[in-house]
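The values are calculated or read from the model by the stated rules, or taken from the named source; none is laboratory data. The structure displayed is predicted, hence computed values, not measured ones. Cβ coordinates were reconstructed from backbone atoms using ideal geometry, including for glycine residues, and neighbour counts include every protein chain displayed. These accessible areas exclude ligands, DNA and RNA; they are computed on the full protein's heavy atoms, side chains included. Shrake-Rupley method; radii C 1.70, N 1.55, O 1.52, S 1.80 Å.
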Amino acid sequence: MLFNSAPFLVFFPVVTVLYFLYPHSLRWALLLVASCIFYMWFIPQYLLILFLLITIDYSMGILIEDARLKGAHAKKYLIVSILATCSVLFFFKYFNFFSLNLTALGDFFDLHYPAKIINFILPIGLSFHTFQSLSYVIEVYRGRQKAEHHFGIYALYVMFYPQLVAGPIERPYNLIPQFREKHNVDYQRIADALKQMAWGMFKKVVIADRLAVLVNQVCSDVHGYQGPEFVVASLLCPVLFYCDFSGYSDIAVGSAKAMGYRITNNFNFPFFSRSMDEWWWRWNITLYSWIRDYIYIPLCQSRILRNNRAVNVLIAFLLSGLWHGAAWTYVIWGAINGCYLIFSTLTYKVRKGIHGILGLKENGLFLKIWQTAATYLLFSLAGIFFISKSVGDAVYIFSRLTCGWNEGYLKNCFVSLGFDRAWWTHTSELLVVLFIMDLLQQNAGEKFVFAKDPVWCRWMYYYGLVLAMVFWGHYGRNPFIYFQF
Amino acid sequence: MGETRLFISNFEIKEGRRIFLMILAFAPVLLLVGAVNICVDPAGLYKGVIHQYEGLEEQNAQSLIEGRNIENVRIDMDDRLLQKHFIQKMTSRADIVILGSSHSMWFGENIFPGKKVVNNSVIHVLLADYLGIFNGYAKKNLFPKRVIILLDPQLIAVPFVSERWLSIKEDTFGMLGRLKIRSTRIKQPLISGAWFNVFSFSYFQKSIEKLLRSSPQQIDPDHKEGRIGQLLFKDGRRLWTMKLLSWDIEKSRRKTIMELQDGTFMQEFNQRKMDKELESILENFIQYLINQHIQVTLCMLPIHPQVYKSFIGQENRPEVLRITDVEHYYQSLAQRFNLEIFGSYDPSVCHLGDRDFYDGDHIRNDVIEKMLKNKGAPCSMPGI
């Protein structure tokens, strides 16, 4: 079920109302059934795969804890669990990629290995719930999380519908205890949740789906365009991904919050980051903290790579790229972002020195704007690989970035993209609204941005948001981009 | 605070009431959307467009039978009813009958000179329409020599019937009876599907668009100069509005992108899957035609390159009908029944580009004519 579809408009209030009407002891069952229905809306049979994963990791969690308590070797269970979970992920997501590359490699060495292709559709959100499952077994192994003996509660931890298909990837110690807490109907909390959901929906249906057409248009036919279109598409793609994914996350967090659950916010105003390092603390937070805790830190603690921070960063980002999709474009995207981070660390002192020589204050407005813009630009450039259909397309885009900057071409190129002046004006206005709202919300912190304003002012905002969705929303059932991961 | 039987406290009930009132405060927005949708009703969902023009379809059918072309036909005429009357009034056997959709409206005597061709294409066609229309021939035992069936992808995906089908409903049941099939796919909904659109935001946007753009003469069927309606030729072939004749590439490109943006094309494919029962009905129908010694030709027409790309790009979405699977099925169907099949959904197979389309959905008439008549080319019509 998509958050931006009519069935969800019925599903969400019905589940939320039933949740509060149910006795506390049975609420987990209600949520589990609701989550199954939510997931089965896509491909019902894939629920079995999910339950297979759940059963394996549930059993392994208990076995790991038993072994730890008895002083036995728990690592073997952890390895079994990781292998089982990763093989499901590998089979559905990476098998074809691996097979095709093996064939290409074989051809290179004149060894002809026929590529085996499996024609399964990738289960929705597989990467998200496998990571969530892995996080559970690893935490049990590390002793930071007790093994969950209630199968229903554990299943719900993996399947909790607000974050089932596209995260946020929750840690077991944050989510599992909440399933045992009693949540009451609370006007303020539910009102806050609905506001967050409305804002998320606005970002998705009004901004992201509008920008998606332009970006998809350029990426699906790269040979038909030149530098100006590529620059616009690559500059808009971070906003597109942000509005799409953070829109999804807001709806996820909001729908959980309405029932009393606290889910981690996945984005923290990334466009105000002043360095790539800061960017990754603000962008897709739960994924990158997962990678940091379960890949990067263990690599830094390993015997071989203990003193090799740069290599560890690169490995972590390569894997993060591969996590997004089984294609070389994603791997290269990850590698570029890893290189940014390494370069940023290596040149930190030099850049500080230059700021000193130029007399730029660390918190001065000019430096802030420069660093924020440079960070955004770097992310946009790397994003070309993310949005391209193939490495060849991405290379073509890079090679053409400087072409077409003449008056004759510029005059017609944006119109020939299919968008009239009104579209561009309206899009620019929406981007300004997004920027101002994010700026205000960042300054307001946890509180709702208009919390201190008079009632009429707040209601103007609510009505404005709803009317914007009514008049300008796109309701062609465009799925969230991160569903495919 | 006493516990109630519903496991929530009185305080919580009060809080719930406040939330309900807060949500109720947005009711005016929904009422506005509903009122505009019903009043403006751009697609005629609530005004009952069908049968709105008493006798118009029959009059038009009579004109066609008399061998006259008709100018400025209302675009919102019930074209299923027109076909029903057209076939009812026929007295001689046709050489070729076209069963198709808006995509095949230009198939006619222009493609098959010297042959008696009847184009029975209707807009937004579904499989039930083919059955219902062809039952008209079966009832009169006036079978044509050859039937060309346009295979749109949605033919073998539920729904089997649409709201538009009601005027030939009895005939569809009639044909199902001839095929000895009792379809479980015809379900009369308790509430008309149109009422689910009352609060639809996208329908509201279309309503506003219509409010802002429409001028009285655009919907006036008697406005001769503008030729806003259709030209209906005596062989049933149709030429869409003059707007299409004044086509230009930029307008077409913009329209396609806008329609891709608002999901117009995806609506045909979303939440739809190939349906075994519909496949079986289509196969039975083809077998029935073969049993009547009718030469059957199957046809797939290319989709606009950008729209095709978009469909292919979305094939990994489980809720979307996979166009390559549909094409594969139709190809295998032709092979099994040993039928002629031509064309492809993939525009590159037929060497078509952006310029060859009026919009994201329809090939230009001149291009279609050239493509079908181009003997030996990949998408030419067999047996011309």
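Taking the protein assembly as shown as a whole, the Cys residues whose C-beta sits 4.7 Å or farther from every other Cys C-beta are A:Cys36, A:Cys86, A:Cys219, A:Cys237, A:Cys243, A:Cys300, A:Cys339, A:Cys403, A:Cys413, A:Cys457, B:Cys39, B:Cys299. Total buried accessible area between B and A, probe 1.4 Å, nearest 100: 3900 Å². In the P(r) worked out for the protein assembly as shown, what percent of Cα pairs fall beyond 40 Å? In whole percent, the long-distance tail amounts to 47. Panel note: contact residues of the range A:15-41 (accessible area lowered by at least 30 Å² against the chain on its own; 1.4 Å probe) correspond to A:Leu21, A:Pro23. Loop-resident chymotrypsin sites (Phe, Trp or Tyr not before Pro) (DSSP state other than H, G, I, E or B) in the range B:287-384 with no more than 12 further Cβ atoms inside 10 Å of their Cβ are absent. In terms of its alpha-carbon gyration tensor, the range A:163-247 comes out prolate; a/c meets the 1.5 threshold, and the first ratio a/b outweighs b/c. Rounded, prolate or oblate: which fits the range B:60-111 when a ≥ b ≥ c are the square roots of the eigenvalues of the alpha-carbon gyration tensor, with rounded for a/c under 1.5 and prolate only if a/b beats b/c? Because its axes are fairly even, with a/c under 1.5, the range B:60-111 counts as rounded.
What is the mean number of Cβ atoms from other protein chains located within 10 Å of the Cβ atom of each residue in peptide B:19-30, rounded to a whole number? It would help to have the intermediate numbers written out before the result.
On the way: counts 11, 1, 1, 6, 4, 0, 3, 5, 0, 1, 5, 2.
That average works out to 3.
When the range A:6-182 is described by a simple charge dipole with +1 on each Lys and Arg Cβ and -1 on each Asp and Glu Cβ, the residue from A:Phe128, A:Val17, A:Ala67 located farthest towards its positive end is A:Ala67. Step through the table entries A:Lys195/B:Lys14; A:Lys75/A:Lys116; A:Lys203/A:Lys352, compare each Cα-Cα distance with 25 Å, and write down the pairs that go over it. Pairs exceeding the cut-off: A:Lys75/A:Lys116; A:Lys203/A:Lys352. Toward the positive end of the charge dipole of the range A:235-287, with +1 on the Cβ of Lys and Arg and -1 on the Cβ of Asp and Glu, the farthest Cα among A:Phe245, A:Trp279, A:Asn265 is that of A:Asn265. Under a model in which nothing but the beta-carbon of Lys, Arg (+1) and Asp, Glu (-1) is charged, the range A:6-182 shows a dipole of about 480 debye around its Cα centre.
Qualifying chymotrypsin sites (Phe, Trp or Tyr not before Pro) in the range A:87-119, where qualification requires a DSSP coil assignment and no more than 12 other C-beta atoms within 10 Å, comprise A:Phe109.
Modelled label positions at A:Ser428 and B:Trp195, each set 7 Å beyond Cα in the direction of Cβ, lie 4.7 nm from each other.
Summing +1 for each Lys or Arg and -1 for each Asp or Glu among the other residues whose beta-carbon sits under 13 angstrom from that of A:Gly152 gives +1. Probe radius 1.4 Å, ligands and nucleic acids ignored: give me the carbon and sulfur share of the accessible area of the range A:120-257 as a rounded percent. The nonpolar share, carbon plus sulfur, comes to 57 percent. The charge dipole of chain A, taken about its Cα centre with unit charges on the Cβ atoms of Lys, Arg (+1), Asp and Glu (-1) only, comes to about 1180 debye. Projecting the Cα atoms of A:Met437, A:Leu318, B:Phe357 onto the charge dipole of the protein assembly as shown (Cβ charges, centred on the Cα centre) puts A:Leu318 farthest toward the positive pole. Rounded, prolate or oblate: which one fits the range A:6-182, using the alpha carbon gyration tensor with axes a ≥ b ≥ c (rounded when a/c is under 1.5, else prolate when a/b beats b/c, else oblate)? Oblate. For the protein assembly as shown, the dipole from Cβ point charges (+1 on Lys and Arg, -1 on Asp and Glu) about the Cα centre works out to 1420 debye, to the nearest 20. Each 20 Å bin from zero up to the one holding the largest Cα-Cα distance in chain A carries the following percent of pairs: 21, 55, 24, 1.
With contributions of -39500 (n - 2.57) from each DSSP H run of at least four residues, the per-residue ellipticity at 222 nm computed over chain A stands at -21500 deg cm²/dmol. Taking DSSP loops as anything outside H, G, I, E and B, show the longest stretch in chain A free of trypsin sites (Lys or Arg not before Pro) there with at most 11 other beta carbons within 10 Å. Result for the longest clean stretch: A:183-302. Going Cα to Cα from B:Lys84, which lysines come in below 25 Å? Please leave out same-chain ones fewer than 8 positions away. Within the straight-line limit of under 25 Å, B:Lys84 reaches these lysines: B:Lys47, B:Lys115, B:Lys116, B:Lys139, B:Lys140, B:Lys145, B:Lys169, B:Lys180, B:Lys187, B:Lys234.
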